[in-house]
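The values are calculated or read from the model by the stated rules, or taken from the named source; none is laboratory data. Values in this document were obtained by computation on a predicted structure and should not be read as measured data. Quick reminder, even Gly has a Cβ in these numbers, built from the backbone with ideal geometry, and neighbours come from all protein chains shown. The area values use the complete protein model at the heavy-atom level, side chains included, leaving out ligands, DNA and RNA. Shrake-Rupley method; radii C 1.70, N 1.55, O 1.52, S 1.80 Å.
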Amino acid sequence: MTSPPRPALLPDLVPAQRQARTAPGSARLADALAAVRAPDLVTELQQLLAVPSVTGTAAESELQHRMQGRLRGVGMDTDLWSIDLPATTAHPDFPGTEAPRDEAWGLVGSWGGDDGPTVVLNGHVDVVPPGETGWTTGPWSGEVRDGRVHGRGACDMKAGLACQLLAVRALREAGVRLRGRVVLQSVVGEEDGGLGTFATLQRGHRGDLAVICEPTGGRLVTASAGALTFRLVVPGRSVHASARLDGVDAVDKYLLVHAGLRALEARRNRDAHPLMAGYRLPYPLSVGTLRAGDWASSVPDLLVAEGRLGVALDEPVDHARAELEQAVAEVCAGDPWLRDHPVQVQWWGGQFAPGAVSQDAPVARLVSAAHAAVHGAPPAVHGVPYGSDQRLLTGLGGVPTVIYGPGDVRQAHAPDESVPVGELVSVTRTLVQLLVTTCGTLD
Ligand SMILES: [Zn+2]
(Lines give C-alpha, C1' and ligand atoms only; values in the text may rest on other atoms or scores of the structure.)
Protein backbone atom coordinates (compact mmCIF):
# COMPACT_ATOMS: atom_id res chain seq x y z
CA MET A 1 0.00 0.00 0.00
CA THR A 2 2.87 2.35 0.64
CA SER A 3 6.02 3.39 -1.10
CA PRO A 4 9.12 5.23 0.08
CA PRO A 5 8.71 8.92 0.84
CA ARG A 6 9.57 11.45 -1.82
CA PRO A 7 11.92 13.86 -0.04
CA ALA A 8 13.17 15.09 -3.42
CA LEU A 9 9.87 16.92 -3.77
CA LEU A 10 10.39 18.98 -0.68
CA PRO A 11 13.36 21.24 -1.43
CA ASP A 12 11.44 23.70 -3.55
CA LEU A 13 8.51 23.70 -1.17
CA VAL A 14 9.95 25.46 1.84
CA PRO A 15 13.31 26.83 2.99
CA ALA A 16 15.81 24.13 3.90
CA GLN A 17 15.65 24.81 7.63
CA ARG A 18 11.96 24.01 7.65
CA GLN A 19 12.10 20.79 5.67
CA ALA A 20 11.26 17.50 7.30
CA ARG A 21 14.54 15.94 8.36
CA THR A 22 13.47 12.36 8.84
CA ALA A 23 11.91 9.80 6.60
CA PRO A 24 8.47 8.89 7.81
CA GLY A 25 8.46 5.92 10.14
CA SER A 26 7.14 3.30 7.82
CA ALA A 27 5.71 1.06 10.56
CA ARG A 28 3.74 3.89 12.10
CA LEU A 29 2.65 5.10 8.69
CA ALA A 30 1.35 1.63 7.92
CA ASP A 31 -0.45 1.62 11.27
CA ALA A 32 -2.00 4.99 10.55
CA LEU A 33 -3.19 3.88 7.12
CA ALA A 34 -4.71 0.79 8.71
CA ALA A 35 -6.40 2.96 11.34
CA VAL A 36 -8.53 4.56 8.61
CA ARG A 37 -11.75 2.58 8.90
CA ALA A 38 -14.93 2.89 6.89
CA PRO A 39 -17.40 2.57 9.81
CA ASP A 40 -15.69 5.40 11.68
CA LEU A 41 -15.83 7.63 8.62
CA VAL A 42 -19.49 6.89 8.04
CA THR A 43 -20.35 7.69 11.66
CA GLU A 44 -18.35 10.91 11.58
CA LEU A 45 -20.02 11.99 8.35
CA GLN A 46 -23.50 11.14 9.66
CA GLN A 47 -22.92 13.34 12.70
CA LEU A 48 -21.96 16.24 10.44
CA LEU A 49 -24.95 15.62 8.15
CA ALA A 50 -27.39 15.66 11.06
CA VAL A 51 -26.84 19.41 11.52
CA PRO A 52 -28.76 21.29 8.78
CA SER A 53 -26.01 23.88 8.37
CA VAL A 54 -27.49 25.83 5.48
CA THR A 55 -25.43 28.88 4.56
CA GLY A 56 -26.23 31.82 6.81
CA THR A 57 -28.49 29.94 9.25
CA ALA A 58 -28.06 29.44 12.99
CA ALA A 59 -27.24 25.79 12.28
CA GLU A 60 -24.12 26.91 10.38
CA SER A 61 -22.88 28.49 13.64
CA GLU A 62 -24.01 25.45 15.62
CA LEU A 63 -21.94 23.13 13.45
CA GLN A 64 -18.84 25.28 13.93
CA HIS A 65 -19.23 24.87 17.70
CA ARG A 66 -19.73 21.13 17.33
CA MET A 67 -16.71 20.97 15.04
CA GLN A 68 -14.61 22.49 17.79
CA GLY A 69 -15.51 19.46 19.91
CA ARG A 70 -14.60 17.12 17.04
CA LEU A 71 -11.24 18.85 16.50
CA ARG A 72 -10.47 18.60 20.20
CA GLY A 73 -11.62 15.00 20.08
CA VAL A 74 -8.89 14.12 17.57
CA GLY A 75 -6.33 15.93 19.71
CA MET A 76 -6.06 19.34 18.04
CA ASP A 77 -5.71 22.72 19.71
CA THR A 78 -8.47 25.00 18.52
CA ASP A 79 -9.08 28.64 17.75
CA LEU A 80 -12.80 29.43 17.64
CA TRP A 81 -13.71 33.07 17.16
CA SER A 82 -16.65 35.26 16.33
CA ILE A 83 -15.98 36.88 12.96
CA ASP A 84 -16.26 40.66 13.03
CA LEU A 85 -18.79 40.90 10.20
CA PRO A 86 -18.84 44.71 9.70
CA ALA A 87 -15.04 44.93 9.53
CA THR A 88 -14.65 41.79 7.42
CA THR A 89 -17.31 42.63 4.84
CA ALA A 90 -16.02 46.21 4.55
CA HIS A 91 -12.53 45.01 3.58
CA PRO A 92 -11.64 46.01 0.00
CA ASP A 93 -10.72 42.40 -0.86
CA PHE A 94 -13.85 40.86 0.66
CA PRO A 95 -15.14 38.29 -1.84
CA GLY A 96 -18.86 38.97 -1.35
CA THR A 97 -21.77 37.31 0.38
CA GLU A 98 -25.39 36.49 -0.39
CA ALA A 99 -27.00 35.09 2.75
CA PRO A 100 -27.90 37.64 5.44
CA ARG A 101 -26.09 36.94 8.69
CA ASP A 102 -26.14 38.18 12.27
CA GLU A 103 -23.12 36.16 13.22
CA ALA A 104 -20.42 33.91 11.78
CA TRP A 105 -17.74 31.81 13.42
CA GLY A 106 -14.20 30.98 12.42
CA LEU A 107 -12.58 27.74 13.54
CA VAL A 108 -9.09 26.34 13.11
CA GLY A 109 -7.62 23.18 14.64
CA SER A 110 -3.88 22.70 14.85
CA TRP A 111 -1.64 19.77 15.75
CA GLY A 112 2.03 18.90 15.34
CA GLY A 113 5.44 20.49 15.77
CA ASP A 114 7.15 23.59 14.47
CA ASP A 115 10.08 21.88 12.81
CA GLY A 116 8.62 21.20 9.39
CA PRO A 117 6.11 22.38 6.82
CA THR A 118 2.56 23.33 7.75
CA VAL A 119 -0.15 21.59 5.73
CA VAL A 120 -3.56 23.26 5.67
CA LEU A 121 -6.67 21.12 5.25
CA ASN A 122 -9.60 23.38 4.42
CA GLY A 123 -13.29 22.51 4.33
CA HIS A 124 -16.61 24.31 4.53
CA VAL A 125 -19.39 23.34 6.94
CA ASP A 126 -22.14 25.23 5.13
CA VAL A 127 -24.47 23.60 2.64
CA VAL A 128 -27.10 24.83 0.20
CA PRO A 129 -30.80 24.27 1.04
CA PRO A 130 -32.06 20.78 0.21
CA GLY A 131 -34.85 22.02 -2.05
CA GLU A 132 -38.44 20.84 -2.01
CA THR A 133 -38.47 17.80 -4.26
CA GLY A 134 -36.59 14.77 -5.45
CA TRP A 135 -35.31 13.31 -2.20
CA THR A 136 -35.89 9.62 -1.49
CA THR A 137 -33.91 9.86 1.76
CA GLY A 138 -34.18 12.47 4.48
CA PRO A 139 -31.74 15.26 3.56
CA TRP A 140 -30.30 15.24 7.09
CA SER A 141 -30.56 11.48 7.63
CA GLY A 142 -27.11 10.25 6.65
CA GLU A 143 -28.77 7.10 5.34
CA VAL A 144 -26.37 4.51 3.91
CA ARG A 145 -27.68 2.81 0.82
CA ASP A 146 -25.79 0.87 -1.86
CA GLY A 147 -22.45 1.71 -0.30
CA ARG A 148 -23.11 5.45 -0.29
CA VAL A 149 -23.87 7.92 2.50
CA HIS A 150 -26.77 10.23 1.61
CA GLY A 151 -27.65 13.72 2.75
CA ARG A 152 -27.38 17.40 1.89
CA GLY A 153 -23.67 18.12 2.07
CA ALA A 154 -22.69 14.46 1.78
CA CYS A 155 -20.18 15.21 -0.96
CA ASP A 156 -20.22 19.03 -0.84
CA MET A 157 -18.41 18.83 1.42
CA LYS A 158 -18.97 17.22 4.78
CA ALA A 159 -17.37 14.03 3.46
CA GLY A 160 -14.16 16.00 2.95
CA LEU A 161 -14.33 17.35 6.50
CA ALA A 162 -14.83 13.82 7.86
CA CYS A 163 -11.78 12.63 5.91
CA GLN A 164 -9.69 15.50 7.27
CA LEU A 165 -10.73 14.86 10.87
CA LEU A 166 -10.13 11.14 10.69
CA ALA A 167 -6.80 11.49 8.91
CA VAL A 168 -5.56 13.37 11.97
CA ARG A 169 -7.15 10.85 14.31
CA ALA A 170 -5.51 7.93 12.46
CA LEU A 171 -2.08 9.54 12.82
CA ARG A 172 -2.62 10.08 16.55
CA GLU A 173 -3.95 6.58 17.03
CA ALA A 174 -0.84 5.13 15.36
CA GLY A 175 1.44 7.18 17.60
CA VAL A 176 2.80 9.33 14.78
CA ARG A 177 4.33 12.62 15.91
CA LEU A 178 4.62 15.18 13.13
CA ARG A 179 7.67 17.43 12.83
CA GLY A 180 5.63 19.96 10.94
CA ARG A 181 2.03 20.88 11.55
CA VAL A 182 -1.40 20.12 10.23
CA VAL A 183 -3.92 22.94 10.39
CA LEU A 184 -7.58 22.14 9.80
CA GLN A 185 -9.61 25.17 8.72
CA SER A 186 -13.32 24.61 9.24
CA VAL A 187 -15.04 27.48 7.43
CA VAL A 188 -18.52 28.94 6.95
CA GLY A 189 -19.93 30.83 4.00
CA GLU A 190 -18.15 29.07 1.17
CA GLU A 191 -21.36 28.59 -0.78
CA ASP A 192 -22.10 32.31 -0.91
CA GLY A 193 -18.67 33.71 -1.62
CA GLY A 194 -15.95 32.64 0.82
CA LEU A 195 -16.54 34.65 4.00
CA GLY A 196 -15.09 31.92 6.25
CA THR A 197 -11.84 31.31 4.41
CA PHE A 198 -11.38 35.06 3.93
CA ALA A 199 -11.81 35.67 7.68
CA THR A 200 -9.49 32.77 8.48
CA LEU A 201 -6.75 34.28 6.35
CA GLN A 202 -7.39 37.70 7.90
CA ARG A 203 -6.86 36.15 11.32
CA GLY A 204 -3.41 35.04 10.20
CA HIS A 205 -3.91 31.31 9.74
CA ARG A 206 -1.64 30.30 6.87
CA GLY A 207 0.51 27.36 5.82
CA ASP A 208 3.00 26.13 3.25
CA LEU A 209 0.40 24.35 1.15
CA ALA A 210 -3.29 23.55 1.34
CA VAL A 211 -5.73 20.88 0.25
CA ILE A 212 -9.46 21.61 -0.03
CA CYS A 213 -11.43 18.36 0.06
CA GLU A 214 -14.27 19.43 -2.24
CA PRO A 215 -15.65 16.59 -4.37
CA THR A 216 -13.23 15.55 -7.11
CA GLY A 217 -13.79 11.79 -7.09
CA GLY A 218 -10.23 11.34 -5.87
CA ARG A 219 -8.80 13.18 -8.86
CA LEU A 220 -6.37 16.03 -8.42
CA VAL A 221 -7.68 19.46 -9.29
CA THR A 222 -5.11 22.18 -9.79
CA ALA A 223 -7.41 24.84 -11.23
CA SER A 224 -10.96 26.00 -10.58
CA ALA A 225 -12.92 28.33 -12.81
CA GLY A 226 -14.41 31.49 -11.39
CA ALA A 227 -18.06 32.40 -10.90
CA LEU A 228 -19.59 35.86 -10.68
CA THR A 229 -23.11 36.47 -9.41
CA PHE A 230 -24.98 39.13 -11.36
CA ARG A 231 -28.39 40.78 -11.49
CA LEU A 232 -30.16 42.20 -14.54
CA VAL A 233 -32.90 44.79 -14.13
CA VAL A 234 -35.08 44.86 -17.26
CA PRO A 235 -37.60 47.70 -17.51
CA GLY A 236 -40.99 47.60 -19.21
CA ARG A 237 -44.16 49.71 -19.07
CA SER A 238 -47.26 48.49 -17.32
CA VAL A 239 -50.73 48.57 -18.80
CA HIS A 240 -53.90 46.49 -18.41
CA ALA A 241 -53.35 43.09 -20.02
CA SER A 242 -56.35 43.68 -22.32
CA ALA A 243 -54.40 46.51 -23.92
CA ARG A 244 -51.11 44.64 -24.02
CA LEU A 245 -49.81 46.29 -27.17
CA ASP A 246 -49.98 49.71 -25.51
CA GLY A 247 -47.48 48.64 -22.86
CA VAL A 248 -43.97 47.23 -22.95
CA ASP A 249 -43.66 43.70 -21.62
CA ALA A 250 -40.50 43.32 -19.51
CA VAL A 251 -40.63 39.53 -20.05
CA ASP A 252 -40.50 39.97 -23.83
CA LYS A 253 -37.54 42.31 -23.45
CA TYR A 254 -35.79 39.87 -21.17
CA LEU A 255 -36.12 37.11 -23.78
CA LEU A 256 -34.04 39.25 -26.13
CA VAL A 257 -31.42 39.60 -23.44
CA HIS A 258 -31.51 35.88 -22.68
CA ALA A 259 -30.77 35.04 -26.30
CA GLY A 260 -27.82 37.44 -26.15
CA LEU A 261 -26.55 35.71 -23.00
CA ARG A 262 -26.75 32.29 -24.65
CA ALA A 263 -24.76 33.56 -27.64
CA LEU A 264 -22.18 35.02 -25.26
CA GLU A 265 -21.94 31.70 -23.41
CA ALA A 266 -21.29 29.84 -26.66
CA ARG A 267 -18.53 32.31 -27.58
CA ARG A 268 -16.89 32.09 -24.18
CA ASN A 269 -16.72 28.30 -24.32
CA ARG A 270 -14.90 28.07 -27.61
CA ASP A 271 -11.29 26.90 -27.22
CA ALA A 272 -11.47 26.26 -23.48
CA HIS A 273 -8.32 25.49 -21.51
CA PRO A 274 -7.01 21.89 -21.94
CA LEU A 275 -7.56 21.19 -18.20
CA MET A 276 -11.28 21.73 -18.88
CA ALA A 277 -11.39 19.37 -21.88
CA GLY A 278 -13.61 16.88 -20.05
CA TYR A 279 -16.56 19.26 -19.75
CA ARG A 280 -19.25 19.82 -22.34
CA LEU A 281 -19.66 23.36 -21.03
CA PRO A 282 -16.63 24.49 -19.00
CA TYR A 283 -17.87 28.00 -18.24
CA PRO A 284 -21.67 28.04 -17.94
CA LEU A 285 -23.66 31.25 -17.90
CA SER A 286 -26.84 30.41 -16.03
CA VAL A 287 -29.81 32.47 -14.87
CA GLY A 288 -31.13 31.02 -11.63
CA THR A 289 -34.00 33.31 -10.67
CA LEU A 290 -36.50 35.46 -12.57
CA ARG A 291 -39.03 37.76 -10.96
CA ALA A 292 -41.46 39.82 -13.03
CA GLY A 293 -44.72 41.66 -12.56
CA ASP A 294 -47.09 41.98 -9.64
CA TRP A 295 -50.49 41.16 -11.13
CA ALA A 296 -51.69 38.45 -13.52
CA SER A 297 -53.73 40.88 -15.59
CA SER A 298 -51.07 43.55 -15.93
CA VAL A 299 -48.27 43.75 -18.46
CA PRO A 300 -45.13 43.45 -16.30
CA ASP A 301 -43.17 46.67 -15.99
CA LEU A 302 -40.08 45.11 -14.45
CA LEU A 303 -38.14 41.87 -14.62
CA VAL A 304 -35.23 41.08 -12.33
CA ALA A 305 -32.98 38.17 -13.30
CA GLU A 306 -30.16 36.81 -11.17
CA GLY A 307 -27.53 34.46 -12.44
CA ARG A 308 -23.99 33.27 -12.46
CA LEU A 309 -21.29 33.88 -15.03
CA GLY A 310 -18.45 31.32 -15.30
CA VAL A 311 -14.95 32.82 -15.51
CA ALA A 312 -12.28 31.07 -17.57
CA LEU A 313 -9.23 29.64 -15.79
CA ASP A 314 -6.84 32.31 -16.97
CA GLU A 315 -9.29 35.19 -17.36
CA PRO A 316 -9.24 38.37 -15.26
CA VAL A 317 -12.54 38.91 -13.47
CA ASP A 318 -12.87 42.42 -14.94
CA HIS A 319 -12.66 40.98 -18.44
CA ALA A 320 -15.49 38.54 -17.77
CA ARG A 321 -17.66 41.31 -16.32
CA ALA A 322 -16.96 43.54 -19.31
CA GLU A 323 -17.97 40.79 -21.74
CA LEU A 324 -21.35 40.32 -20.09
CA GLU A 325 -21.97 44.06 -19.88
CA GLN A 326 -21.03 44.43 -23.55
CA ALA A 327 -23.37 41.61 -24.61
CA VAL A 328 -26.27 43.20 -22.73
CA ALA A 329 -25.43 46.62 -24.18
CA GLU A 330 -25.48 45.19 -27.73
CA VAL A 331 -28.94 43.73 -27.18
CA CYS A 332 -30.16 47.07 -25.85
CA ALA A 333 -28.69 48.94 -28.81
CA GLY A 334 -30.72 46.75 -31.15
CA ASP A 335 -34.11 47.35 -29.53
CA PRO A 336 -35.99 50.69 -29.69
CA TRP A 337 -37.34 50.45 -26.12
CA LEU A 338 -34.16 49.13 -24.50
CA ARG A 339 -32.07 51.71 -26.35
CA ASP A 340 -33.82 54.40 -24.33
CA HIS A 341 -34.41 52.27 -21.22
CA PRO A 342 -31.28 50.10 -20.99
CA VAL A 343 -31.01 46.98 -18.88
CA GLN A 344 -28.99 47.57 -15.72
CA VAL A 345 -26.27 45.05 -14.88
CA GLN A 346 -25.36 44.75 -11.20
CA TRP A 347 -22.60 42.63 -9.67
CA TRP A 348 -23.50 41.42 -6.21
CA GLY A 349 -23.09 38.37 -3.99
CA GLY A 350 -20.36 35.79 -4.51
CA GLN A 351 -17.53 36.96 -6.75
CA PHE A 352 -15.24 33.96 -7.25
CA ALA A 353 -12.11 34.68 -9.24
CA PRO A 354 -10.57 31.60 -10.88
CA GLY A 355 -7.84 29.90 -8.89
CA ALA A 356 -4.96 27.77 -10.05
CA VAL A 357 -1.55 26.39 -9.26
CA SER A 358 0.85 24.94 -11.81
CA GLN A 359 0.62 21.20 -12.35
CA ASP A 360 4.29 21.15 -11.39
CA ALA A 361 3.82 23.10 -8.16
CA PRO A 362 5.12 21.27 -5.08
CA VAL A 363 1.62 21.01 -3.61
CA ALA A 364 0.37 19.26 -6.75
CA ARG A 365 3.33 16.90 -6.86
CA LEU A 366 3.08 16.07 -3.15
CA VAL A 367 -0.63 15.25 -3.28
CA SER A 368 -0.13 13.29 -6.50
CA ALA A 369 2.73 11.32 -4.92
CA ALA A 370 0.69 10.63 -1.77
CA HIS A 371 -2.23 9.38 -3.87
CA ALA A 372 0.13 7.22 -5.94
CA ALA A 373 1.73 5.74 -2.81
CA VAL A 374 -1.66 4.67 -1.48
CA HIS A 375 -3.38 3.69 -4.72
CA GLY A 376 -0.54 2.47 -6.90
CA ALA A 377 -0.89 5.11 -9.62
CA PRO A 378 -1.01 8.90 -9.70
CA PRO A 379 -4.41 10.57 -9.92
CA ALA A 380 -5.79 12.16 -13.06
CA VAL A 381 -5.24 15.93 -13.08
CA HIS A 382 -7.88 18.34 -14.31
CA GLY A 383 -9.70 21.60 -13.70
CA VAL A 384 -13.21 22.13 -12.36
CA PRO A 385 -15.94 24.47 -13.59
CA TYR A 386 -17.00 25.69 -10.18
CA GLY A 387 -15.62 28.50 -8.02
CA SER A 388 -14.01 27.52 -4.74
CA ASP A 389 -11.95 28.87 -1.86
CA GLN A 390 -8.86 27.82 -3.84
CA ARG A 391 -8.60 31.34 -5.25
CA LEU A 392 -8.67 32.90 -1.77
CA LEU A 393 -6.04 30.59 -0.29
CA THR A 394 -3.76 30.70 -3.33
CA GLY A 395 -4.36 34.30 -4.35
CA LEU A 396 -5.01 36.37 -1.24
CA GLY A 397 -3.41 33.97 1.23
CA GLY A 398 -0.34 33.05 -0.80
CA VAL A 399 -0.86 29.40 0.15
CA PRO A 400 -0.53 27.14 -2.92
CA THR A 401 -3.72 25.07 -2.91
CA VAL A 402 -5.18 22.10 -4.73
CA ILE A 403 -8.58 20.43 -4.50
CA TYR A 404 -8.77 16.72 -3.83
CA GLY A 405 -11.68 14.98 -2.16
CA PRO A 406 -14.37 12.32 -2.17
CA GLY A 407 -17.57 12.42 -4.20
CA ASP A 408 -18.75 13.64 -7.57
CA VAL A 409 -19.57 17.33 -7.99
CA ARG A 410 -22.59 16.38 -10.15
CA GLN A 411 -24.15 15.12 -6.90
CA ALA A 412 -23.57 18.47 -5.19
CA HIS A 413 -26.63 20.73 -4.69
CA ALA A 414 -28.84 17.89 -6.06
CA PRO A 415 -31.50 15.74 -4.38
CA ASP A 416 -30.25 12.46 -2.92
CA GLU A 417 -26.73 13.89 -2.74
CA SER A 418 -24.40 11.07 -1.73
CA VAL A 419 -20.79 9.97 -1.48
CA PRO A 420 -19.30 6.48 -1.88
CA VAL A 421 -17.94 5.02 1.37
CA GLY A 422 -14.94 3.65 -0.50
CA GLU A 423 -13.88 7.15 -1.53
CA LEU A 424 -14.03 8.31 2.09
CA VAL A 425 -11.48 5.66 2.95
CA SER A 426 -9.21 6.23 -0.02
CA VAL A 427 -9.10 10.02 0.33
CA THR A 428 -8.44 9.80 4.08
CA ARG A 429 -5.53 7.42 3.44
CA THR A 430 -4.07 9.82 0.89
CA LEU A 431 -4.28 12.62 3.48
CA VAL A 432 -2.52 10.43 6.07
CA GLN A 433 0.23 9.68 3.57
CA LEU A 434 0.49 13.36 2.56
CA LEU A 435 0.80 14.60 6.14
CA VAL A 436 3.48 12.08 7.04
CA THR A 437 5.46 12.62 3.84
CA THR A 438 5.21 16.39 3.85
CA CYS A 439 5.43 17.24 7.54
CA GLY A 440 7.93 14.53 8.48
CA THR A 441 7.85 12.59 11.72
CA LEU A 442 9.81 12.63 14.96
CA ASP A 443 10.26 8.88 15.39
ZN1 LIG B 1 -18.33 22.95 -1.71
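Think of each Lys and Arg Cβ as +1 and each Asp and Glu Cβ as -1; about the Cα centre, that makes the dipole of the chain roughly 1260 debye.
What residue among P336, P95, P139 has the largest mean-square fluctuation in a Gaussian network model of the chain, using Cα springs under 10 Å? Answer for the Gaussian network model of the chain: P336. Here the extension length gained between L442 and V287 equals 50.5 nm, from 0.36 nm per residue of separation less the Cα-Cα distance. Highest mobility in the GNM of the chain, judged by mean-square fluctuation with C-alpha springs under 10 Å and restricted to R206, R28, R66, is found for R66. Since only G376, L435, P362 are under comparison, the one whose Cα sits farthest along the positive direction of the charge dipole of region 358-443, derived from C-beta charges on Lys, Arg, Asp and Glu, is P362.
Overall form of region 125-166: oblate. Here a/c, set by the Cα gyration tensor axes a ≥ b ≥ c, is 1.5 or more, and a/b is not larger than b/c. A straight chain from L80 to A277 at 0.36 nm per residue would run longer than the Cα-Cα distance by 66.8 nm.
Calculated mean residue ellipticity at 222 nm for the chain: -10000 deg cm²/dmol, from DSSP H runs with n ≥ 4 weighted as -39500 (n - 2.57), summed, divided by the residue count and rounded to 500. Rounded to the nearest 5, the antiparallel percentage of DSSP beta bridges internal to the chain is 70%.
Ranking E62, E315, E330 by solvent-accessible area of protein heavy atoms (1.4 Å probe, all protein chains present), from largest to smallest, gives E330, E62, E315. Each residue of region 283-300 was assigned a 3J(HN,Hα) from its phi angle through the Karplus curve 6.51 cos²θ - 1.76 cosθ + 1.60 (θ = phi - 60°); the sequence is 10, x, 10, 10, 9, x, 9, 9, 10, 8, x, 9, 7, 5, 9, 10, 6, x Hz, with glycine and proline shown as x. Heavy-atom accessible surface of H91, to the nearest 10 Å², is about 60 Å², with a 1.4 Å probe and all protein chains retained.
Residue-wise HN-Hα couplings along region 213-230, as the Karplus relation 6.51 cos²θ - 1.76 cosθ + 1.60 with θ = phi - 60° gives them from phi, are 9, 5, x, 10, x, x, 8, 9, 10, 9, 9, 10, 5, x, 8, 10, 7, 9 Hz; Gly and Pro carry x.
Computed on the chain, with alpha-carbon pairs under 8 angstrom and 6+ residues apart, the relative contact order is 27 percent. Scaling against 2.2 N^0.38 Å puts the C-alpha radius of gyration of the chain at 1.06. Once backbone amide H atoms are built at 1.01 Å from N, G56 has G189 as its partners under 5 Å, excluding neighbours fewer than 5 places away on the same chain. The solvent-accessible area of E44, taken with every protein chain present and a 1.4 Å probe, is close to 10 Å². Apolar share of the accessible surface for the chain: 52 percent from carbon plus sulfur atoms, 1.4 Å probe.
Which shape class, rounded, prolate or oblate, goes with region 50-151 when its Cα gyration tensor gives a ≥ b ≥ c as root eigenvalues, a/c under 1.5 marks rounded, and past that a/b bigger than b/c marks prolate? It comes out oblate by the Cα gyration axes. The charge dipole of region 155-279, taken about its Cα centre with unit charges on the Cβ of Lys, Arg, Asp and Glu (plus for the first two, minus for the last two), comes to roughly 480 debye. Per residue, the average separation of C-alpha pairs within less than 8 Å and at least 6 apart gives region 51-120 a relative contact order of 36 percent.
Relative contact order for region 147-306: 23 percent, from Cα pairs under 8 Å spaced at least 6 residues apart, divided by residue count.
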